[in-house]
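Worksheet: one structure, shown below.
The values are calculated or read from the model by the stated rules, or taken from the named source; none is laboratory data. Please read these numbers as outputs of a predicted model, since none were measured by experiment. As a convention, Cβ positions derive from the backbone with ideal geometry for all residues, glycine included, and neighbour counts pool all protein chains shown. When the accessible area is computed, the model is the full protein with side chains, heavy atoms only, and any ligands, DNA or RNA have been set aside. Shrake-Rupley method; radii C 1.70, N 1.55, O 1.52, S 1.80 Å.
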Protein chains: 2
Amino acid sequence: MQQHTETEENYLKAIYHLSNVTISSVNTSSIATSMSTTSASVTDMLKKLAEKELINYEKYKGVKITRKGEKVALNIIRKHRLWEVFLTKVLKFEWDEVHTMAEELEHVSSDELIKRLEAYLDFPKFDPHGDPIPDQSGKLELNDQMSLSSGETGAKYTITGVGEHSSAFLKHLAKYGLKPGITVSIAEIMEFDKSMLVKVNKEKFHLSLEVSKNILVKKYGAI
Amino acid sequence: MQQHTETEENYLKAIYHLSNVTISSVNTSSIATSMSTTSASVTDMLKKLAEKELINYEKYKGVKITRKGEKVALNIIRKHRLWEVFLTKVLKFEWDEVHTMAEELEHVSSDELIKRLEAYLDFPKFDPHGDPIPDQSGKLELNDQMSLSSGETGAKYTITGVGEHSSAFLKHLAKYGLKPGITVSIAEIMEFDKSMLVKVNKEKFHLSLEVSKNILVKKYGAI
DNA sequence: ATATTATTTTAGACAAATCTAAAAATAAAA
DNA sequence: TTTTATTTTTAGATTTGTCTAAAATAATAT
């Protein structure tokens, strides 16, 4: 069952994620960027993945992940997110420091281990960043969230996730105490640069558009 | 800090274990056997480990682990055993099925993760097989246990560990419900083959010398 | 449409860990 | 002390994933 190398799994995960933010097919250089490697290396790997029917690949025409490849990717993502819940909920790590550890743990854990871990954690539906956790068959609950940047002045929102997972961004949010579960209200939206003033328990923060764009929310009370 | 490959770590672990059951230096072929590989591969790796000063190696003369190498080995063993406790105590796996999973987890977990896991598990001193868990500095509590095979007729003993960790042996013991913590009394020792009849809560089992030799115990009440 | 630029692929090399087969060194036996 | 047997090491190949530099293809601009 577990017939893929760690590297193959990482490529599949990257391709899966890129597929969700790409209109047509995923191209070589975007994979190279997200994997911090060269296009030449990516091309080599694409051949291997296509050989295993995990992706559909045509020379010079980019890549589409197959049903089979998607299942593998979702299984890795499932493991990653469950480990993130374990690290924050059980071992009390901060939500902005668990990504790298989960990145390693996701590859070593057997399906059976993960099944038990999931039960032990009481079947969480979302990870600490608000991303949905696929079930054993790969199904995941869609979280119909909006970007804080499209909110209205005076309205109240509860943070449900983030649109950017870099450590730098997460640490930036952590400084303001912003994370999933926290409720904010928009006090003012600046006309000239669309930056906003938000209120969190009496404290006010100024968020640039770049930041508010990547904060995902639901209307307060809509959860 | 974590500058060694997984393979190097596995070799060090094997050499460390072999050192504890070997009078003089560890030879190439015993390492090859315990790693299920060839002597040629072992020789290659020994050069690499010697280069890093993790072992002392002289051509044709075998190997001695250095202080530095021992620290690395003990750190891996620490991780392995703490994960075994987690898998049995928290995820409710059986003691005879956790070895392989721990073998993978031991390499991915950072020292910080393990420190937190250890605290969460309430600083266990022994793993599910009765083997001592090294602390952060590599110190481990010596368990002064004896082999059940050297016990006396009529005496009562509590199982504290095993001298053999193969899955086959552990599953064999599991069939009789024998594991660390269980108390047995020796009903009879057969003269001709040193096999023994032991009593566990009113049930009697016949154990061959091969088996009783690898069951480690303490006198009942001496814990 | 042709020239220029950007992207993608191939070719050839490299490092890690492994293997088989042959050579060298050590240990055991005659 | 030779001879024989065993163990260990070297030599040369293989696999996986990577790289650089060059060639091929596609996209853009004039």
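Please compute the average number of Cβ atoms from other chains found within 10 Å of each residue's Cβ in peptide A:79-91. If you can, show how the numbers build up before the last one.
Numbers: counts 0, 0, 0, 0, 0, 0, 0, 2, 3, 0, 0, 5, 8.
Per-residue shielding by partner chains comes out at 1.
With the calculation restricted to Cα positions, what are the radius of gyration and Dmax of chain A in angstrom?
19.1, 58
Accessible area per residue, 1.4 Å probe, Å², for the stretch A:6-65: what's the number?
Value for the stretch A:6-65: 59 Å² per residue.
If you filter the stretch A:1-86 for chymotrypsin sites (Phe, Trp or Tyr not before Pro), then keep DSSP loop positions with at most 15 other Cβ within 10 Å, what is left? Don't skip to the end; give the middle numbers.
On the way: sites: A:TYR11, A:TYR16, A:TYR57, A:TYR60, A:TRP83, A:PHE86; in loops: A:TYR60.
Of the chymotrypsin sites (Phe, Trp or Tyr not before Pro), the ones in loops of the stretch A:1-86 whose Cβ has at most 15 other Cβ atoms within 10 Å are A:TYR60.
Once you wrap a convex hull around the alpha carbon atoms of the stretch B:83-202, what is its projected area averaged over all directions, in nm²?
Averaged projected hull area, Cα only: 8.6 nm².
Computed FRET efficiency, Cβ-Cβ of B:ILE23 and A:ALA40, R0 45 Å: what is it to the nearest 0.05?
0.30
Do the alpha carbons of any pairs in A:LYS48/A:LYS71; B:LYS179/B:LYS218; B:LYS48/B:LYS139; B:LYS125/B:LYS219; B:LYS13/B:LYS68 sit beyond 22 Å of each other, and which pairs?
B:LYS48/B:LYS139
I need the per residue convex hull volume for the stretch A:3-88, using only the alpha carbons, in cubic angstrom as a whole number.
About 100 Å³ per residue, rounded to a whole number.
Expressed in nm², what is the orientationally averaged projection area of the convex hull enclosing the Cα positions of the protein assembly as shown?
About 28.8 nm², averaged over all directions.
Would you mind checking the tilt of helix A:39-51 against the longest principal axis of the Cα atoms of chain A, expressed as 0 to 90 degrees and rounded to 10?
Approximately 60 degrees, to the nearest 10.
If you take the charge dipole of the stretch B:95-223 about its Cα centre, with +1 on Lys and Arg Cβ and -1 on Asp and Glu Cβ, which of B:VAL217, B:HIS107, B:PRO134 is farthest toward its positive end?
So the residue furthest toward the plus end is B:VAL217.
Rounded to the nearest 5, what % of the DSSP beta bridges within the protein assembly as shown are antiparallel ones?
Antiparallel bridges make up about 100 percent of those DSSP assigns within the protein assembly as shown.
For B:LYS52, go through the aspartates and glutamates and keep the ones whose alpha-carbon is under 16 Å away, minus same-chain ones fewer than eight residues off.
Straight-distance partners of B:LYS52: B:GLU6, B:GLU8, B:GLU9, B:ASP44, B:GLU70.
In sequence order, what are the phi-derived ³J(HN,Hα) couplings for the stretch B:87-97 according to the Karplus relation 6.51 cos²θ - 1.76 cosθ + 1.60 with θ = phi - 60°, rounded to whole Hz, with x for glycine and proline?
Running phi through 6.51 cos²θ - 1.76 cosθ + 1.60 with θ = phi - 60° gives 5, 7, 6, 8, 8, 6, 6, 6, 5, 8, 10 Hz.
Of all alpha-carbon pairs in the stretch B:146-219, indicate the percentage at a distance above 14 angstrom.
Tail of the P(r) past 14 Å holds 53 percent of the pairs.
Work out, step by step, the length gained on full extension between A:GLU51 and A:ASP122: first 0.36 nm times the residue separation, then minus their alpha carbon distance; give nm to one decimal.
21.7 nm
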